[in-house]
Amino acid sequence: MKAKPIEELAKNIRLKIAPDVLERAFLHSSYVNELGDPRGSNERLEFLGDAVVGLAVTSYLFKEHPDADEGRLTKAKSVAVSRPVLTEKAREIDIPAYLRLGRGEEANHGRTRPNNIGNAFEALIGVIFLERGFSYAAKFVLRYLKEDIERCLVEQSATGDYKSLLQESAQRLFDCRPAYSIDNTSGKAHRKEFAVTVAVAGHCGGGRGRSKKEAEQAAAKQLYLILEEF
């Protein structure tokens, strides 16, 4: 697949940055190594963009939610800046179509790999920061992440329900639902302990509790936190 011209992306997302500068965000290492492009890969820009995204989200949470405690803020940030969410936002603006890949990476489906897509999104933020400054870059970040931040905060305050959060992640990442199973029960009737396993697309989490519901929540929390590292 031939990559689309960067001018098209700049127009679509309303960025007044020179195309040759903007293109740096989409230079995969395989492309640079193959063609010997002196601009280098997008890896350093991805490193910078990751920090800018984190600060933009943190600043927003701190200013807009003064009553939220550190735990809620940290959780909302971790969801908003997670690889699945950033990859989803990158796909919304068709970033895969603009990746500059080497022939081998292209042939190995590099254009669909979440890491390549998410890294390019962060590298794009890095370019915007360098060219337009933090304030502009932060506004760009929040244009795409604000809804996810607010949804996470609402879910936490409404339920604190990891089963619901896990179900959302499972549907977003794998288009499936979590499957729960009781491994065993132990203890006397009035002091029973349940052990539960939950599985999503081959990934598993386990938890224990004094009730089936409590054990399922513990298992869901463990697996949800694992999936959020993707």
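The values are calculated or read from the model by the stated rules, or taken from the named source; none is laboratory data. Keep in mind it's a predicted model, so treat the numbers as computed, not measured. Positions of Cβ are backbone-derived with ideal geometry, glycine not excepted, and every protein chain shown enters the neighbour counts.
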Restricting to region 118-155, name every residue that is at pLDDT below 90 and more than 18 Å from the chain's Cα centre (by Cα).
154
Against the condition closer than 18 Å to residue 150 by Cβ and touching a residue at least 12 places away in the same chain (Cβ under 8 Å), how does residue 73 come out, does it pass?
yes
Quick check: anything in region 49-68 in contact with a strand residue (DSSP E or B) (Cβ under 6 Å, 6 or more places away or on another chain) and of a type outside the set (D, E, K, R)?
no
Restrict the check to region 89-107 and report whether at least one residue is part of a helix (DSSP H, G or I), surrounded by 13 or more Cβ atoms within 10 Å (Cβ to Cβ) and among the β-branched types (Val, Ile, Thr).
yes
Scan (1) under 26 Å from residue 3 (Cα atoms); (2) crowded, with 17+ Cβ neighbours inside 10 Å for the single condition residue 35 breaks and write down its number.
(2)
Pick from 101, 27: which is in contact with a His (Cβ under 6 Å, 6 or more places away or on another chain) and hydrophobic (A, V, I, L, M, F, W, C)?
101
Could you grab me the full set of residues in region 50-69 that are among the small types (Gly, Ala, Ser) and either surrounded by fewer than 13 Cβ atoms within 10 Å (Cβ to Cβ) or in a helix (DSSP H, G or I) (or both)?
51, 54, 56, 59
Anything in region 6-17 that is without any contact (Cβ under 8 Å) to a residue 24 or more places away in the chain and either part of a loop (DSSP other than H, G, I, E, B) or within 24 Å of the chain's Cα centre (by Cα) (or both)? List them, or say none.
10, 14, 16
Residue 135: farther than 19 Å from residue 85 by Cβ, without any contact (Cβ under 8 Å) to a residue 12 or more places away in the chain and hydroxyl-bearing (Ser, Thr, Tyr), yes or no?
yes
Would you check if residue 85 is assigned by TED's automatic domain parsing to the domain that holds residue 24, surrounded by 18 or more Cβ atoms within 10 Å (Cβ to Cβ), on the phi < 0 side of the Ramachandran plot and among the aliphatic types (A, V, I, L, M)?
yes
